[in-house]
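Accompanying notes for the structure given below.
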Amino acid sequence: MDFPDLARRTGGFRHGAPHDVMVGGDGARVVFLRSAGRFEAAASLWVLSVTAGVEQQVAPGPVERYGVDRDATVAAYAIDGRLFRADLRTGDVTAMHTEAPAIDPHPDPAGASIGYTTPDGCLRIAGPDGSDELLAGEPGDSSWRDPGGVRWGVTDPAGLEFGRRRGWWWSPDGAQVLASRTAGSISLHLLDLDGGWVDVHWDRETYPYLVDVHWGDGGNPLITVLRRLQQHGLVLSVDPRTGETQVHAELADARWVEPVAGTPRHLPDGRVLVGGELAHDGFDARCLFADGSLLTPPGLYVRRVIGVLPGAELVVEATEGDPATSDIFRVRGSLGGGGASAERVAVARPAAVGGDVLVIGEEVRRDNRVVHRLRSSAEPLPYSPRPILERVTDRRLPASVLYPPDHVGGTRLPVLLTFGDGPGHQQVTQDPAGWQERAWWAGSGFAVVSVDPRGTPGLAPSFEKAVHRRLADVTLADVLDALRDLTGKHPDLDIGRVAAHGAGLGGWLAGLAVVRRGDEVRCGVARDPVTDWHDLPAPLAERYLGRATDAPEMYAHHALTAELPHPALLITDSSDLEAELTFVREQLR
């Protein structure tokens, strides 16, 4: 079986591996999804008893998403709109009566009631007595107040751009629900199960973007809101009785604010954890703070907060030194007093924390020891590529060269210059899974060159944000400077035969390289490229270019539409590698 066929059948070689892992707050159970076989996408729901070390299938599925209560004693999931409740201690599964098809169900923290949203944007509560009550919404998709329809508890498009996947949250005691309401703009409301409610108050006109919401056991709900141009934001604490908000922290940057995933959240000592940036005294880092105190070593580039272990140890995914690596760290001393120190635990993989249990990939850890390994039937990676990683140009740009496995030094090779998925996505990493398609291209006779130009995360905030209002020019200049620099160390790179390749915004960059730098890039392949930045969601486009009404020339400069079609650029909406290879070879002859 060749690579393209295998990739299509296995969805990137990940089916069969445990995913969407959750750990109960008491650390007794680990819940996860896993498909039945290596070639199957449909997942079943499983639970691991940590003490017994026994995995048990709870539901054969197909389960796409699920929710659990505080201690993972109850799970809720929906299949084709039917709601199911699973007792994770006994394995018993019950089909729940609902008045409407169920979407995104979550049990309350005690596991008694289950909340869910409906296709017409309503929020309902299925009680333990068989009741099913409308909590918020207008059945039928519209109301006299909002003829265009409203959506309760559904993630708005802007929230999705910021990585927020939920639109409603239980209170720690299960007596209230904090829910978003979307009707052109977004608002938040605290809903009592007995029918009462209050609005959450903040300046929604000035701060229209709701970036994140967290309501844990530590206190009041915490929300992060941003201005439209994302250069200023607030972390707010919400009073659940009145809906009034109090500012816990301000977030500001002249280019754009980049919140850290997993924040804000309450710490065990009552302080509020916030992600921010350190840009003075020679530091240029993404760090964590609480009430103004630095909690992480300034040399640690924090990517996300996973959780907190007993003993006030933060668990984070971060980079220390080498931007090609991302690891899981336990950060000690920062919460309990004294200077912060970070201990590397493992290479970064999907991770979750509950009680004293830390799950990293398939490893279940307790007291820093692996006590169980979740079974996986994922397809082994077909290639074991060994890219040569470099730091090039005076900017020390991360770059890599991947040669064909049978390459003999002294043989000149055409170059495939990859742009990946574009800005905000690293390519030069040590994760073998990210190199599989590039290894296929190398095996087809190309020297595959990848560069992480300015605008890429993982190195420093200033490096990441240097593309503000000049994304196209900076990115293309960095990538082509890096390619020229690499030829000094890699004389087998034939820079007279260079092809570009990318997808989405990476496809847009590949297209720009062909049409604007055709003297250096002879042809290219663009999968589903962005050709006009007006077509992108406003939060993404305005982060880099500002508002289109304020800078129309900026959007015109970054558009690809007027320069298409182009004979040396293949635009495709699929990943037919054989067709792409044929096109590139013909162009480079």
Picked from the stretch 38-77 (must be among the basic types (Lys, Arg) and at pLDDT below 95), the residue surrounded by the most Cβ atoms within 10 Å (Cβ to Cβ) is Arg38
Can you report the number of residues in the stretch 475-503 which are open to solvent by 10 Å² or more (accessible area, probe 1.4 Å), in contact (Cβ under 8 Å) with a residue 60 or more places away in the chain, within 22 Å of Val525 (Cα to Cα) and not in a helix (DSSP H, G or I)? 5
So, Ala318, is that one within 21 Å of Ala261 (Cβ to Cβ), at pLDDT below 95 and either crowded, with 18+ Cβ neighbours inside 10 Å or charged (D, E, K, R) (or both) or not? no
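Of all residues in the stretch 353-390, how many are outside any loop (DSSP other than H, G, I, E, B) and out of contact with any Leu (no Cβ under 7 Å at 6 or more places or on another chain)? It would help to see each step written out before you state the result.
First pass over the stretch 353-390, keeping only residues outside any loop (DSSP other than H, G, I, E, B): 353-354, 357-360, 363-366, 369-373, 388-390.
Right, trim to out of contact with any Leu (no Cβ under 7 Å at 6 or more places or on another chain) and you get 354, 357, 359-360, 363, 366, 369-371, 373, 388-389.
The total comes to 12.
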Among the residues of the stretch 504-523, which ones are free of Cβ contacts under 8 Å to residues at least 60 places away in the same chain and surrounded by 24 or more Cβ atoms within 10 Å (Cβ to Cβ)? Leu512, Val514
Close pairs from the stretch 550-572: first under 14 Å from Gly507 (Cβ atoms) and open to solvent by 60 Å² or more (accessible area, probe 1.4 Å), partner of a type in the set (S, T, N, Q) and assigned to a loop (DSSP other than H, G, I, E, B), Cβ under 7 Å, at least 6 apart: Thr561/Thr531
Val247 at pLDDT 95 or above, open to solvent by 60 Å² or more (accessible area, probe 1.4 Å) and of a type in the set (A, V, I, L, M): yes
Report, by residue number, each residue of the stretch 573-587 that is aliphatic (A, V, I, L, M) and open to solvent by 40 Å² or more (accessible area, probe 1.4 Å). Ala579
Take the residues of the stretch 282-328 that are aromatic (Phe, Trp, Tyr) and outside any loop (DSSP other than H, G, I, E, B): which is farthest from His248 (Cα to Cα)? Tyr301
If Trp169 satisfies all but one of (1) modelled with pLDDT of 95 or more; (2) part of a loop (DSSP other than H, G, I, E, B), what's the number of the condition it fails? (2)
Output yes when any residue across the stretch 172-181 is among the aliphatic types (A, V, I, L, M), open to solvent by 30 Å² or more (accessible area, probe 1.4 Å) and touching a helix residue (DSSP H, G or I) at 6+ places or on another chain (Cβ under 9 Å), and no when none is. no
Take Asp87 and decide whether it is open to solvent by less than 20 Å² (accessible area, probe 1.4 Å) and within 30 Å of Gly27 (Cβ to Cβ). no
Counting only residues that are under 16 Å from Pro107 (Cα atoms) and not in a strand (DSSP E or B), how many does the stretch 65-80 have? 6
Those residues of the stretch 422-464 which are touching a Leu at 6+ places or on another chain (Cβ under 9 Å), among the acidic types (Asp, Glu) and at pLDDT below 95 amount to none
Quickly run through the stretch 90-107 and pick out the residues that are surrounded by fewer than 21 Cβ atoms within 10 Å (Cβ to Cβ) and touching a Ser or Thr at 6+ places or on another chain (Cβ under 9 Å). His97, Thr98, Glu99, Ala100, Pro101, Ile103
Taking the stretch 230-281, which residues are out of contact with any helix residue (DSSP H, G or I) (no Cβ under 8 Å at 6 or more places or on another chain), assigned to a loop (DSSP other than H, G, I, E, B) and closer than 23 Å to Arg543 by Cβ? Gln231, Ala254, Val257, Pro259, Val260, Gly262, Thr263, Pro264
Given the conditions (1) more than 23 Å from the chain's Cα centre (by Cα); (2) under 19 Å from Trp168 (Cα atoms); (3) assigned to a loop (DSSP other than H, G, I, E, B), and given that Ala52 satisfies all but one, which numbered condition is not satisfied? (2)
What is the residue count in the stretch 98-125 for residues that are touching an Asp or Glu at 6+ places or on another chain (Cβ under 6 Å) and either more than 28 Å from Thr182 (Cβ to Cβ) or in a loop (DSSP other than H, G, I, E, B) (or both)? 5
For the list (1) out of contact with any Lys or Arg (no Cβ under 9 Å at 6 or more places or on another chain); (2) among the β-branched types (Val, Ile, Thr); (3) open to solvent by less than 50 Å² (accessible area, probe 1.4 Å); (4) at pLDDT 95 or above, I need the number of the one condition that Val357 fails. (1)
Consider Asp217 carefully, then state whether it is of a type in the set (D, E, K, R), open to solvent by 40 Å² or more (accessible area, probe 1.4 Å), under 27 Å from the mean Cα position of the chain (by Cα) and at pLDDT below 95. yes
For the stretch 454-474, how many residues meet the condition of being among the β-branched types (Val, Ile, Thr) and surrounded by fewer than 18 Cβ atoms within 10 Å (Cβ to Cβ)? 1
Output the residue which, of all residues in the stretch 220-244 that are without any contact (Cβ under 8 Å) to a residue 24 or more places away in the chain and more than 22 Å from the chain's Cα centre (by Cα), is least open to solvent (accessible area, probe 1.4 Å). Asp239
Is it fair to say Val364 is open to solvent by 40 Å² or more (accessible area, probe 1.4 Å), farther than 27 Å from Leu236 by Cα and of a type in the set (A, V, I, L, M)? no
Looking at Arg271, Arg286, Arg265, Arg303, which one is open to solvent by 30 Å² or more (accessible area, probe 1.4 Å) and under 12 Å from Ala318 (Cβ atoms)? Arg303
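The values are calculated or read from the model by the stated rules, or taken from the named source; none is laboratory data. For clarity, every value in this text was computed on a predicted model and none was experimentally measured. Backbone-built Cβ (ideal geometry, glycine too); neighbour counts: all protein chains shown. Surface areas here come from the heavy atoms of the whole protein model, side chains and all, with no ligands, DNA or RNA. Shrake-Rupley method; radii C 1.70, N 1.55, O 1.52, S 1.80 Å.
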